[in-house]
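Okay, so here's the structure we're looking at.
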Amino acid sequence: MSTPEARAEREAFVSNALEASVRVGLIALLAFYSLQIIRPFVAPVLWGVVIAISTRSFYLRLEGAVGGRSSLAATIFALVGLGLVIGPSVALMGTIVGGVEELALTVENSQAMVPPPPEQVAGWPLVGPTIDRFWSLASDNLEAALQTIDSQLATAALWILNAAAGAGLGVLLFALSIVIAAALHTKAEAGGRVAQAAARRVAGDRGPALTSLAESTIRGVTRGVLGVALIQALASGIGMLALDVPAAGLWALMVLVMAVMQLPTLLLLLPIAIYVFSYASTLPAVLFLIWSLLTRSEALRASA
């Protein structure tokens, strides 16, 4: 038989365990919902850290130019960064919207001329007859041909709208990252001490060295990949805008994606240059081709 003292101890233990479980559960629930709240801001904060690390030398020169006033330097840094991101993005998105509107008006006014298909198209295996019928219909009546694929066009339009919305959200998040990077620059020394202390806790005496290695790696990757890709996209977009290439913003965005993926951007720029030769005079077309080649060569030199 258990004594009253033993029963009291068991009841106290159960009571303490129940209280501890409730507290742990409440803390876990609070932590879960806190993570849900801050989750949309994790990516901008991480990008802000990357931008702050990669642009630290530029910020220090800017701070020295304004007499060591960190707040003013951070404000100028944020304004310049936002201008470099939002300005070209709005201009390139405007070219995409203008190109789509021009294409829609051309189709609506029945001004689009589709040449008839070559005779060998019908002889292509499997898909030849289908392509030949649709191509012939489009050559005779483009509006009727488009009506036959209206469901596919609706799906493609929805995908394009979602992609455009995602791109716009990406630009806004990147702009937020620039603002965060500007704020981090003003607290860089304290942040560096915290990072080194945390690294020392994890890796011991190797912590500071690993922190410096991570900083150098981030700076090298951003300058060698992302920075070069951005320069290529902007330079290509400027060249296409100067020659009124349709949907120049879309092609510049594709150049950016290809450059980030380390694919040769000439695979896209050379066909565009050939297209420019089809409607522009010789001198501007040659200059655009040279511009495209120079953009690629300077990017390779910068990444080397």
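The values are calculated or read from the model by the stated rules, or taken from the named source; none is laboratory data. Since we're looking at a predicted model, the values are computed, not measured. Counting neighbours? That spans all protein chains shown, and the Cβs are built from the backbone with ideal geometry, glycine included.
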#### Entry: Flag for GLU108 being at pLDDT below 70 and among the acidic types (Asp, Glu)
yes
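Being of a type in the set (Lys, Arg) and surrounded by 15 or more Cβ atoms within 10 Å (Cβ to Cβ) narrows it down to one residue among ARG23, ARG69, ARG56; which is it? Write out each step before concluding.
Details: ARG23 fails: surrounded by 15 or more Cβ atoms within 10 Å (Cβ to Cβ); ARG69 fails: surrounded by 15 or more Cβ atoms within 10 Å (Cβ to Cβ).
Among ARG23, ARG69, ARG56, only ARG56 is of a type in the set (Lys, Arg) and surrounded by 15 or more Cβ atoms within 10 Å (Cβ to Cβ).
Within the stretch 253-304, take every residue that is touching a Gly at 6+ places or on another chain (Cβ under 6 Å) and at pLDDT 80 or above and give me the one that is surrounded by the most Cβ atoms within 10 Å (Cβ to Cβ).
PHE288
Among the residues of the stretch 204-232, what is the count of those that are closer than 17 Å to LEU267 by Cβ and surrounded by fewer than 16 Cβ atoms within 10 Å (Cβ to Cβ)?
Adding up the residues that qualify gives 0.
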### Message
Based on this model, can you work out whether ILE180 counts as surrounded by 14 or more Cβ atoms within 10 Å (Cβ to Cβ), over 21 Å from the mean Cα position of the chain (by Cα) and either at positive phi or at pLDDT 75 or above (or both)?
### Response
no
### Task
Collect the residues in the stretch 263-284 that are β-branched (Val, Ile, Thr) and under 24 Å from the mean Cα position of the chain (by Cα), keeping them in residue-number order.
THR265, ILE272
### Query
Are any residues in the stretch 1-60 assigned to a helix (DSSP H, G or I), of a type in the set (Val, Ile, Thr) and at pLDDT 80 or above, and if so, which ones?
VAL22, VAL24, ILE27, ILE37, ILE38, VAL42, VAL45, VAL49, VAL50, ILE51, ILE53
#### Entry: Failed criterion for ALA6 (all others in (1) closer than 29 Å to GLN232 by Cα; (2) of a type outside the set (S, T, N, Q); (3) without any contact (Cβ under 8 Å) to a residue 24 or more places away in the chain hold)
(1)
### Selection from the stretch 136-168 of residues that are closer than 30 Å to SER54 by Cα and at pLDDT 75 or above
none
### Query
Could we say that GLU102 is at pLDDT below 70 and among the charged types (D, E, K, R) here?
yes
### Message
Can you say whether ALA235 is out of contact with any strand residue (DSSP E or B) (no Cβ under 6 Å at 6 or more places or on another chain), at pLDDT 75 or above and crowded, with 17+ Cβ neighbours inside 10 Å, as far as the supplied structure shows?
### Response
yes
